[in-house]
1. Among the candidates 56, 25, 11, 61, which residue alone is modelled with pLDDT of 85 or more, in contact with a helix residue (DSSP H, G or I) (Cβ under 7 Å, 6 or more places away or on another chain), surrounded by 10 or more Cβ atoms within 10 Å (Cβ to Cβ) and not in a loop (DSSP other than H, G, I, E, B)?
2. What pairs come up if the first residue lies in the stretch 5-33 and is at positive phi, the second is surrounded by 12 or more Cβ atoms within 10 Å (Cβ to Cβ) and part of a helix (DSSP H, G or I), and their beta carbons are under 9 Å apart, counting only those six or more places apart or on different chains?
3. What tally of residues in the stretch 40-50 results from selecting those that are surrounded by fewer than 17 Cβ atoms within 10 Å (Cβ to Cβ) and outside any loop (DSSP other than H, G, I, E, B)?
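The values are calculated or read from the model by the stated rules, or taken from the named source; none is laboratory data. Quick caveat, the model's predicted, so the values are computed rather than measured. When we count neighbours, we look across all protein chains shown, and the Cβ atoms used for this are built from the backbone with ideal geometry, even at glycine.
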């Protein structure tokens, strides 16, 4: 159950990071920010909520990647040496 939740969190976080990255790509290439256009920019509540959601997705993905890279590794449960 816990693994399933973690997989879903990573999948949603990955999707949000991709969405944010594509938003920045379009903003950089065409000087047009799709999130600002769709959700009213950072002045509106909905625009700020969307940016917070994208940021939380990035933070969640970063946390899971760092935990996997630097977290404690489980010892393998192999049988004792053969005699």
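1. Values: 56 fails: in contact with a helix residue (DSSP H, G or I) (Cβ under 7 Å, 6 or more places away or on another chain); 25 fails: in contact with a helix residue (DSSP H, G or I) (Cβ under 7 Å, 6 or more places away or on another chain); 11 fails: in contact with a helix residue (DSSP H, G or I) (Cβ under 7 Å, 6 or more places away or on another chain).
Criteria check complete, one pass: 61.
2. That search, which allows pairs on different chains as well, returns nothing.
3. Step one: filter the stretch 40-50 for residues surrounded by fewer than 17 Cβ atoms within 10 Å (Cβ to Cβ), giving 40-46, 48-49.
The next check asks that each one be outside any loop (DSSP other than H, G, I, E, B); those that pass are 45-46, 48-49.
Count: 4.
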